[in-house]
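Here the structure is laid out as C-alpha cells; the discussion comes afterwards.
The values are calculated or read from the model by the stated rules, or taken from the named source; none is laboratory data. Being a predicted model, the structure only gives us computed values, none of them experimental. A quick note on method: Cβ atoms are made from the backbone with ideal geometry, for glycine too, and the neighbour counts reach across all protein chains shown.
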Amino acid sequence: MPSALSSVTIVQGQPLGLAVARASVVVGLEARPILVEVCSSRGPSFFQLVGLAEAAVREARVRVASALAGLDVLLDEYAVTVNLAPADLRKAGATLDLAIAVALLAALGKLAPAALEGTLVLGELGLDGSLRPVRGLLPQLDGARQRGLLRAIVPHQNALEAGIAQGLEVRLARTLQEALEHLAGRRTLPLAAPTPFLPSAAHTHGDLRDVRGQTGARRALEIAAAGAHNLLFIGPPGSGKTLLARLLPSILPPLEFDEAVECTSIHSVAGLLAPEQGIVTERPFRAPHHSVSEAGLVGGGDVPRPGEVSLAHHGVLFLDELAEFRRGALEALRQPLEDGVVCIARARARAWFPARPVLVGAVNPCPCGYFSHPRRRCACTDEARKRYRARLSGPLLDRIDIHVPVPPVEVSALTSARHGESSSDVRSRVARARDAQRRRAATLGLSARVNAVLSAAELDQVAPLERNSRRLVELAVDKLGLSARAFVKVLRVARTIADLEGEERVKEPHVGEAIQGRLLDRDGGR
C-alpha cells in the first residue's frame with residue numbers, strides 16, 4: 001500500500017490521490033489530534049465523510065465544495081472520501097473545514113502533499129472561501145506544540161488569541177486561497193504577533209468605600225479574598241449581601257499570566273472569548289440565575305462545555321438566593337469545590353475542566369427572610385423554616401470555609417457621612433497576604449499557592465499550632481461538632497488571618513477568629 005503522503009498512484013487504470021492534513025478537536029481543555037485523510041479519484045461523483053463526525057462536521061462537504069468552486073476547482077468529476085482519524089473519537093464543530101479543504105486540494109494534485117507535513121491547520125470556511133474564527137484555539141495550539149508540530153495556520157480573526165501561544169510558528173490567513181498560496185510557496189502569510197498581557201486592576205462592580213456599616217462582613221470578604229476561601233452570607237433582605245459579594249472582585253489581586261492563560265482557554269472553548277479580546281485580563285465574575293440547570297452550573301452537554309463554576313475559574317462564582325437553586329445543581333458543586341476540577345463523563349470520552357473559583361453564596365435565614373430580625377417579625381412557621389434550611393445540605397455547607405451573618409444596617413450607619421476603607425486599600429493588604437503565601441509555597445516546595453487549597457500535610461508545615469491554639473481548636477471540635485473537613489478549613493482560614501496580620505506563626509487570636517466563621521448555626525443566629 002502506498003504511503004498516505006504519496007500524491008498519485010494508479011488503481012485499475014484510474015489516478016488515485018491521497019493526502020493527509022493535521023488538525024485537532026478539543027475535548028474539555030485537551031486537544032486531541034485529528035488526521036484528515038483524503039482520497040480522490042476520477043469516477044462517479046460523490047463526497048463521503050467518515051470518522052464519527054457530528055452534523056456540523058458532515059456539513060463541511062457543502063462549505064468545502066463551495067469554497068473550492070471559488071478557486072475554479074469543481075468536484076463534479078471526482079469521487080472523494082474523507083476519513084477523520086481516529087475513527088472512534090467524536091468530532092464536532094466546523095474547526096476541521098480548512099484541513100479538509102487543503103488535504104483535498106493536495107489529493108487533487110493542486111498542492112504538494114509534503115507541504116502539509118508538520119503543520120496544524122484550523123479554520124471554519126465560509127461559502128466564499130473566507131475563514132472564520134474557531135473556538136478553543138489556544139489549547140489546540142498548545143497541544144500541537146506538545147506533539148512536536150512546528151507550524152500552524154489559523155484564521156486571521158483569531159490573531160490575538162494565537163499571539164498567546166508559545167513555541168509554535170503561527171500564520172494567519174483570511175481566506176482559503178491565501179492558505180493555499182502560502183502552502184504552495186507562492187506567498188508568505190503574516191505571523192501572529194505576540195499578544196501583550198496587561199492585567200486589569202479596574203473593576204466595574206463598585207468600591208467598598210460605598211458600603212455602610214457591616215464591619216464583620218467586610219472583614220470576612222477580605223479574608224476570603226486573601227486566601228481564596230469560599231464564603232456564605234446569611235441575612236435578611238436589604239442587608240447588603242449582594243452588594244458585598246459583587247464587590248469581591250474589586251479587592252482581588254490582578255490575574256497572573258498563567259492564570260490568564262487558563263481563563264482564556266476555558267472562555268475560548270465556551271465560545272465566550274471575543275476575537276478583539278484575545279486574552280482574559282480581569283478575574284471572571286459569574287452570577288448565574290437560580291434557575292440554572294446542573295449542566296449549566298457544572299458543565300455538560302453532548303459536546304461537553306464548561307459550566308459556570310469553570311467559567312469563574314480564578315475569579316468569583318456568586319450564587320445569590322442560594323436556597324432557591326435546584327438541589328441537584330447545588331449537590332453537583334460538592335466535588336468541584338473539593339477537588340478544583342470537573343470531570344464530565346460520556347460514553348465515548350471524558351472531559352476535564354478546572355474549577356477553582358471563590359464561591360460566594362447569599363441566603364436568607366428563612367422563606368420570608370426576617371427570622372431573628374431585630375425590628376421585623378418572622379411570619380414563617382417552624383416547619384417552613386426547617387424545610388427551607390434543608391435545601392442546603394450539611395455536606396455542601398461543610399465545604400464553605402466561612403459562614404458570616406449579615407445583620408440589617410443600622411440607620412446611623414446609613415445616614416453617616418463617613419465612608420469605609422476603599423477597595424484599593426483592602427486590595428493592597430490582600431496582595432501582601434497572597435505574596436506571603438506564594439513565597440512560602442516556593443520556599444517549602446508546596447503545591448498550593450493559596451491557603452484555601454492547602455492539604456493537611458502542608459498545614460502541618462505552615463500552620464503548626466501553639467498549645468493554647470490547639471486547646472481552642474479541640475474545644476471547638478468538641479462543642480461545635482466540627483467535621484474533619486471543617487477542622488482543616490478552620491486552620492486554613494487561621495493561616496490566612498495570620499498572613500493578613502503579617503505574622504509568621506498562627507496564634508490563638510487567629511484561630512479564634514477562624515472559629516467564629518463556623519459558629520453560625522442553621523437557624524441563622526449565634
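Listing for the model above:
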read-out	value
Boolean, Glu37 is among the acidic types (Asp, Glu), farther than 25 Å from Leu138 by Cβ and in contact (Cβ under 8 Å) with a residue 60 or more places away in the chain	yes
Filtered residue count, region 438-456, keeping only those that are more than 18 Å from Gly315 (Cα to Cα) and assigned to a helix (DSSP H, G or I)	7
Enumerated strands (runs of 3 or more DSSP E) restricted to region 340-393, each holding at least 1 residues that are aliphatic (A, V, I, L, M) and farther than 30 Å from Glu222 by Cβ	341-345, 350-354
Count of region 251-297 residues which are of a type outside the set (D, E, K, R), farther than 22 Å from His156 by Cβ and assigned to a helix (DSSP H, G or I)	8
Residue within region 220-240 that is among the hydroxyl-bearing types (Ser, Thr, Tyr), in contact (Cβ under 8 Å) with a residue 12 or more places away in the chain and buried (at least 23 other Cβ atoms within 10 Å of the Cβ) present	yes
Per-region count, region 342-357, residues at pLDDT below 95 and under 19 Å from Arg449 (Cβ atoms)	0
Lone unmet requirement of (1) buried (at least 18 other Cβ atoms within 10 Å of the Cβ); (2) out of contact with any Lys or Arg (no Cβ under 8 Å at 6 or more places or on another chain); (3) more than 26 Å from Phe487 (Cα to Cα); (4) not basic (Lys, Arg) for Glu410	(1)
Per-region count, region 292-323, residues of a type in the set (Val, Ile, Thr), at pLDDT 95 or above and surrounded by fewer than 22 Cβ atoms within 10 Å (Cβ to Cβ)	1
Of all residues making up region 60-99, the number that are in a helix (DSSP H, G or I), touching a helix residue (DSSP H, G or I) at 6+ places or on another chain (Cβ under 7 Å) and either surrounded by fewer than 17 Cβ atoms within 10 Å (Cβ to Cβ) or not aliphatic (A, V, I, L, M) (or both)	2
Given (1) crowded, with 21+ Cβ neighbours inside 10 Å; (2) out of contact with any helix residue (DSSP H, G or I) (no Cβ under 7 Å at 6 or more places or on another chain); (3) modelled with pLDDT of 95 or more, index of the condition Val360 fails	(2)
Test: residue in region 448-457 that is in contact (Cβ under 8 Å) with a residue 40 or more places away in the chain, surrounded by fewer than 18 Cβ atoms within 10 Å (Cβ to Cβ) and of a type in the set (S, T, N, Q)	no
Residue check for Ile497: within 27 Å of Pro407 (Cα to Cα), modelled with pLDDT of 95 or more and surrounded by 18 or more Cβ atoms within 10 Å (Cβ to Cβ)	yes
Some residue of region 504-519 being at negative phi and in contact with a Gly (Cβ under 8 Å, 6 or more places away or on another chain)	no
Residue count for region 478-510, restricted to those that are in contact (Cβ under 8 Å) with a residue 60 or more places away in the chain and assigned to a loop (DSSP other than H, G, I, E, B)	2
Counted residues, region 182-200 - those being in contact with a Ser or Thr (Cβ under 9 Å, 6 or more places away or on another chain) and surrounded by 14 or more Cβ atoms within 10 Å (Cβ to Cβ)	4
